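The values are calculated or read from the model by the stated rules, or taken from the named source; none is laboratory data. The shown structure was predicted, so the numbers you read here are calculated from the model rather than taken from an experiment. Glycine also receives a Cβ, built like all others from the backbone with ideal geometry; neighbour counts cover every protein chain displayed. With ligands, DNA and RNA removed, areas are computed over all heavy atoms of the protein, side chains included. Shrake-Rupley method; radii C 1.70, N 1.55, O 1.52, S 1.80 Å.
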Amino acid sequence: MRLEDWKRTGLDYDHRGYHVFYRDEGQGPPLLLVHGFPTASYDWAPLWEPLVQRFRCVAADLMGFGFSSKPRPYDYRIADQAELFEGLCRQLRLEEVHVLAHDYGDTVAQELLARFLGRQERKQRGVVLRSVCFLNGGLFPERHRARFAQRLLASPLGPWLARRFDFARFSRAMRQILSADTQPTDDQLREWWELVLHNDGRAVMPRLIGYMAERRRHRARWVGALQQSTVPLRFICGADDPVSGRHMAQRYLQLVPKPDVVLLERTGHYPQVERPAEVLAAYLDFASTPSQSV
């Protein structure tokens with residue numbers, strides 16, 4: 001599916017007075033798809049058609065990403081992105097959901113999980129999480145290996161770098177985090193770059209990158225959610241990812257009780273784009289277990 005087709009069939013959701021682009025398609029158990037940085041919900045296009053045959057798939061461009069609003073100033077906190085998805089679930093009257101997340105979206109999913117566990121403890125009503133599946137992301141900040149460009153973007157030099165960030169630099173950065181066996185085409189890179197540029201997205205990148213500091217600040221809450229989870233979890237990990245690959249999977253095995261990890265060899269930071277068939281098989285295997293009730 002090309003980017004123009006993905007955009008044409010999108011819908012509009014209002015979050016705090018701002019426009020949020022999302023897609024809602026399929027029948028069956030609701031599945032929230034939460035994308036990563038610096039791309040958008042279009043990352044799920046390689047899995048979309050087979051997933052909508054089994055699930056009602058809801059994928060949104062988070063605030064500051066893709067075709068959604070990118071206001072300045074705005075407090076781009078992970079908690080706000082979680083509230084965006086919770087509000088969208090209320091509007092769509094989704095009472096129970098499964099979650100498939102990647103990268104930045106992993107942290108949003110951890111916050112959703114922490115909120116759900118808190119509601120369970122207090123016996124409060126809200127969206128019920130039935131399962132959470134993570135793809136490559138900084139689940140444990142001490143093992144997240146940020147690239148030099150990410151560290152620079154998070155520094156006081158971030159606005160300076162963002163203004164000078166062009167397609168050549170973007171392409172080089174993306175190619176470095178994907179496996180040598182699964183390099184993107186120039187057309188793919190240009191579509192991703194279009195998502196970054198939309199609504200002057202470069203200008204908000206230094207604000208969005210604040211998620212790395214949030215991960216460190218809220219580590220106890222978000223890692224604790226993994227360790228205390230009452231819902232099934234799986235981590236599908238591209239082993240060759242220099243940012244959050246094999247080393248992140250090893251940490252998951254150390255810290256999460258009864259860890260369920262699927263390691264994809266010769267795969268980098270974007271497994272759903274690099275190895276969609278393998279990710280789909282691993283996810284459907286996870287979804288078909290009795291505890292999932294899918």
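Below is a table of values for the structure above.
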| quantity | calculated |
| --- | --- |
| Which listed residue, of L135, L139, is in contact (Cβ under 8 Å) with a residue 24 or more places away in the chain, more than 16 Å from T267 (Cα to Cα) and surrounded by 14 or more Cβ atoms within 10 Å (Cβ to Cβ) | L139 |
| Residues of the range 90-108 classified as more than 18 Å from P38 (Cβ to Cβ), open to solvent by less than 20 Å² (accessible area, probe 1.4 Å) and assigned to a helix (DSSP H, G or I), total | 0 |
| V262 touching a Lys or Arg at 6+ places or on another chain (Cβ under 8 Å) and not charged (D, E, K, R) | yes |
| Selected residue [open to solvent by 10 Å² or more (accessible area, probe 1.4 Å), among the small types (G, A, S) and over 18 Å from the mean Cα position of the chain (by Cα)] from A220, A213 | A220 |
| P159 in contact (Cβ under 8 Å) with a residue 12 or more places away in the chain, out of contact with any Phe, Trp or Tyr (no Cβ under 6 Å at 6 or more places or on another chain) and within 13 Å of M212 (Cα to Cα) | no |
| Subset of the range 248-275 (residues that are open to solvent by 40 Å² or more (accessible area, probe 1.4 Å) and over 20 Å from S131 (Cα atoms)) | Q250, R251, Q254, E265, R266, R275 |
| Boolean, D166 is in contact (Cβ under 8 Å) with a residue 24 or more places away in the chain and more than 30 Å from G118 (Cβ to Cβ) | no |
| Condition check for R172: outside any loop (DSSP other than H, G, I, E, B) and touching a residue at least 24 places away in the same chain (Cβ under 8 Å) | no |
| In the range 66-89, the residues that are touching a strand residue (DSSP E or B) at 6+ places or on another chain (Cβ under 9 Å), open to solvent by less than 10 Å² (accessible area, probe 1.4 Å) and closer than 18 Å to P206 by Cβ | G66, S68, D80, Q81 |
